[in-house]
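Visitor: Below you'll find the structure I mean.
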Amino acid sequence: MKTLVLTLVAALLAGTANAQTVATGDLGLVIERANGSVLLVDQSERAALARIEGLGDLSHASLVYSPDERFAYVFGRDGGLTKLDITTRQIVNRVLQSGNAIGGAISDDGRLVAVSNYDPGGVRVFDADTLEMVADIPTGGKTIGLVDAPGRRFVFTVWDTGETWIADFTTPEPMLTTIPGMGKNPYDALITGNGRTYITGLFGEDGLTALDLWDETPQPIRVLPDYGRGQQEMPVYKMPHLEGWALTGREFVLPAVGHAQVLWVDADTLTETGRTATHGQPVFAMARPDGRQVWVNFAHPLNDTIQVIDTVSKEVIHQFKPGPAVLHMEFTPRGHEVWISVRDAGKVMVYDTRTFEKLREIEADSPSGIFFTARAHRTGL
């Protein structure tokens, strides 16, 4: 009997040792916007592992990860919410929750997924496990700037009304707080990594507006009230993405709306500290994780170029042309490399952030957003 038991234990251990182990910390997904697919990539191997298809309209898509990095929730422009298992490389579930969506967020406990809608407007919130809807929050307009905040909250803003809403899901029925007076036509927003400061960019007037979410009754704080597009009718070729704003040390680095500049703003006082002239109108101004560099890409027709700004001198220290239609950048978690999607070249390009050497090209079908699983552990991403 003892021999039989030992034999069975040995067989079980052998089976466990031979089972495939899938680690997710080194993985990421690239949106392939033309064909409704995503590309699963490995950072260390600098390689594509698999293509997952059937995700609908990804012409303006983003995604978030579950806390265990296993599941990705992809927000499509067609209102689709798709749950992917990146360990099995398959779609787990998919719902068409609206006619037109513009991104989403996942709660800090990973149990709720919220989607920001243009049509019919408002925010809809889903169970992260089943994708069953748990809340429908009409706002009377298009919602933008949806982010997660600490304490099982979502924060979002309404283009039409200039209001910011805070939805608190710590109770069975969400507690809703509406803050008016954020400004005319807010078009995007960000939240700082500590969950304290929420900032909206304004398209209909000059400046930006901030909220201190640590305040018991947050009130709008105007930022750079004399700067922007509002008073000067100037062409805007592509709206900057505010979640690509950089926080480097004690300063924000913000892409200017309609201007060939990035702006530097003191993170504590929210006052301007400088400006850096750039190659064109910035779309993303993204900080390397250590905060020493900011990498900037640009709107059409100058969207073949990247500039790198040193955050101590505030000067451009490097400029290069990866190729036509540079859409997005994503740093590896410690910032030793940056991955860049070059849509019209059909490639993702990997660069060393110290030497600026190109390390690899990965074939991709009209790539846009790049999302590494390290985002699962960061507020607002």
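The values are calculated or read from the model by the stated rules, or taken from the named source; none is laboratory data. All figures in this text were calculated on a predicted structure; none of them were measured in a lab. Counting neighbours? That spans all protein chains shown, and the Cβs are built from the backbone with ideal geometry, glycine included. Areas reflect the complete protein model, heavy atoms only, side chains present, ligands, DNA and RNA absent. Shrake-Rupley method; radii C 1.70, N 1.55, O 1.52, S 1.80 Å.
Visitor: Pick out, in residue order, every one of the GluC sites (Glu not before Pro) in region 306-381 that is DSSP loop and has at most 14 other C-beta atoms within 10 Å; say none if there are none.
Guide: Counting only loop positions with at most 14 other Cβ atoms within 10 Å, the GluC sites (Glu not before Pro) in region 306-381 are E357.
Visitor: With θ set to phi - 60° and the Karplus curve 6.51 cos²θ - 1.76 cosθ + 1.60, what are the ³J(HN,Hα) couplings of region 30-38 in order, to the nearest whole Hz, using x for Gly and Pro?
Guide: These are the phi-based 3J(HN,Hα) values: 10, 6, 9, 5, 6, 10, x, 10, 10 Hz.
Visitor: Projecting each Cα onto the charge dipole of the chain (Lys/Arg +1, Asp/Glu -1 at the beta carbon, about the Cα centre), which of A277, V41, T197 comes out farthest on the positive side?
Guide: Highest projection toward the positive end goes to V41.
Visitor: While we're on this one: Say the dipole of region 302-381 comes from +1 at the beta carbon of Lys and Arg and -1 at that of Asp and Glu; which of L302, V342, I317 then lies farthest toward its positive end?
Guide: I317
Visitor: Continuing with this model, one more query. What residue among M175, T82, G122 has its Cα farthest toward the positive end of the dipole of region 27-177, where the charges are +1 on Lys, Arg and -1 on Asp, Glu, each on the Cβ?
Guide: Towards the positive end, the residue furthest out is T82.
Visitor: A follow-up question, please. Hey, can you find the accessible area per residue of region 82-130 for me, probe 1.4 Å, expressed in square angstrom?
Guide: For region 82-130, the solvent-accessible area averages 38 Å² per residue.
Visitor: Chymotrypsin sites (Phe, Trp or Tyr not before Pro) within region 325-381: which are DSSP loop residues with at most 14 other Cβ atoms inside 10 Å?
Guide: In loop regions of region 325-381 (DSSP not H, G, I, E or B), the sparsely surrounded chymotrypsin sites (Phe, Trp or Tyr not before Pro) are F356.
Visitor: Could you tell me which trypsin sites (Lys or Arg not before Pro) in region 297-381 are loop residues by DSSP with no more than 13 other beta carbons within 10 angstrom of their beta carbon? Numbers along the way, then the final one.
Guide: On the way: sites: K314, R334, R343, K347, R354, K358, R360, R375, R378; in loops: K314, R334, R354, R378.
In loop regions of region 297-381 (DSSP not H, G, I, E or B), the sparsely surrounded trypsin sites (Lys or Arg not before Pro) are R334, R354, R378.
Visitor: Using each residue's phi in region 118-125, evaluate 6.51 cos²θ - 1.76 cosθ + 1.60 at θ = phi - 60° and report the 3J(HN,Hα) Karplus result to the nearest Hz, with x for Gly and Pro.
Guide: Residue by residue, region 118-125 yields 8, 10, x, x, x, 10, 10, 10 Hz.
Visitor: Let me ask another. Can you give me the % of accessible surface on region 55-199 that is carbon or sulfur? Probe 1.4 Å, all protein chains present, nothing else counted.
Guide: C and S fraction of accessible area: 47 percent.
Visitor: What dipole magnitude, in Debye to the nearest 20, does the chain give about its Cα centre under +1 on Lys/Arg Cβ and -1 on Asp/Glu Cβ?
Guide: 740 debye
Visitor: Then there is this: Counting only protein heavy atoms and a 1.4 Å probe, tell me what percentage of region 255-305's accessible area is made up of carbon and sulfur.
Guide: Ligands and nucleic acids excluded, carbon and sulfur give 47 percent.
Visitor: If one takes the longest principal axis of the Cα atoms in the chain, at what angle in degrees, from 0 to 90 and to the nearest 10, does the Cα axis of helix 2-18 lie?
Guide: The angle comes out near 30 degrees.
Visitor: Does region 299-348 classify as rounded, prolate or oblate by the C-alpha gyration tensor (a ≥ b ≥ c root eigenvalues; a/c under 1.5 gives rounded; else a/b over b/c gives prolate, otherwise oblate)?
Guide: Note, shape of region 299-348 comes out oblate.
Visitor: Given +1 on the Cβ of Lys and Arg, -1 on the Cβ of Asp and Glu, and no further charges, what dipole in debye does region 60-218 carry about its Cα centre, rounded to the nearest 20?
Guide: 440 debye
Visitor: Between P172, P301, P180, which gets the highest mean-square fluctuation from a Gaussian network model of the chain, Cα cutoff 10 Å?
Guide: P172
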